[in-house]
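Taking it in order: structure first as structure tokens, then the write-up.
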């Protein structure tokens, strides 16, 4: 009798452990959350200003490059360049082009770094909210519903497991 009771309790314990350990999977459209956050909107304003500043610098360098090129062509057509002058002018053009190309690449790199620096705390805020909502709602796994291009990576999921609105509410994001 005692062995039967122990076996029964062990069976109940095993059953309750298997029920309690069953995964519960939710998903969040992080891009949707991000697009509605005031912090992300401010980040985009900062990035836009940063891009406009870099663009102005690049336009100035591009104008200098074009002016040197036009000057070179004009002098070439008028026969004002000696062989040595042609070599010097050509070298200057190549150096100016290389400087412009480097500035363009640097601007792209700076923009990517600036975006990364600005989005990091926002992403951490979203992840923290996702963890807190998951814990509150007893979810064991939460996935991003879309890849970085907005394409859905969750093909089939119950609507009840979409935690997007709950995460937005948790963050205090205003819904339109």
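The values are calculated or read from the model by the stated rules, or taken from the named source; none is laboratory data. This one's a predicted model, so the numbers in the text were calculated from it and none came from an experiment. Cβ coordinates were reconstructed from backbone atoms using ideal geometry, including for glycine residues, and neighbour counts include every protein chain displayed.
Quick grid of which residues meet (1) over 30 Å from residue 45 (Cβ atoms); (2) touching a residue at least 24 places away in the same chain (Cβ under 8 Å):
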site: 70; (1), (2): yes, no
site: 73; (1), (2): yes, no
site: 78; (1), (2): yes, no
site: 106; (1), (2): no, no
site: 110; (1), (2): no, yes
site: 134; (1), (2): yes, yes
site: 144; (1), (2): no, yes
site: 160; (1), (2): yes, no
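Identify the single condition in (1) in contact with a helix residue (DSSP H, G or I) (Cβ under 8 Å, 6 or more places away or on another chain); (2) more than 30 Å from residue 142 (Cβ to Cβ); (3) modelled with pLDDT of 90 or more that residue 86 does not satisfy, given that it satisfies every other one.
(3)
Out of 118, 175, which single residue is surrounded by fewer than 11 Cβ atoms within 10 Å (Cβ to Cβ), in contact with a helix residue (DSSP H, G or I) (Cβ under 7 Å, 6 or more places away or on another chain) and over 30 Å from residue 66 (Cβ atoms)?
175
Can we say residue 75 is more than 24 Å from residue 107 (Cβ to Cβ), in contact with a helix residue (DSSP H, G or I) (Cβ under 8 Å, 6 or more places away or on another chain) and modelled with pLDDT under 95?
Considered against the rule, which asks whether it is more than 24 Å from residue 107 (Cβ to Cβ), in contact with a helix residue (DSSP H, G or I) (Cβ under 8 Å, 6 or more places away or on another chain) and modelled with pLDDT under 95, residue 75 comes out as yes.
Please give the number of the condition residue 100 fails out of (1) closer than 30 Å to residue 24 by Cα; (2) surrounded by 14 or more Cβ atoms within 10 Å (Cβ to Cβ); (3) out of contact with any strand residue (DSSP E or B) (no Cβ under 7 Å at 6 or more places or on another chain).
It fails just one condition, (1).
I'm trying to understand the selection: among the residues of region 80-99, which are free of Cβ contacts under 8 Å to residues at least 24 places away in the same chain and under 49 Å from the mean Cα position of the chain (by Cα)?
Just the residues of region 80-99 that are free of Cβ contacts under 8 Å to residues at least 24 places away in the same chain, to begin with: 80-91, 94-95, 98.
Those that are free of Cβ contacts under 8 Å to residues at least 24 places away in the same chain and under 49 Å from the mean Cα position of the chain (by Cα): 85, 86, 87, 88, 89, 90, 91, 94, 95, 98.
Which of the residues that make up region 103-115 are surrounded by 11 or more Cβ atoms within 10 Å (Cβ to Cβ) and within 13 Å of the chain's Cα centre (by Cα)?
111, 114, 115, listed by residue number.
I'd like to verify a number: residues in region 135-168 that are surrounded by 15 or more Cβ atoms within 10 Å (Cβ to Cβ), modelled with pLDDT of 90 or more and in a loop (DSSP other than H, G, I, E, B), how many?
The total comes to 2.
Every residue in region 47-79 that is over 41 Å from the mean Cα position of the chain (by Cα) and assigned to a helix (DSSP H, G or I), please.
Of everything in region 47-79, those that are over 41 Å from the mean Cα position of the chain (by Cα) and assigned to a helix (DSSP H, G or I) turn out to be 71, 72, 73, 74, 75, 76, 77, 78.
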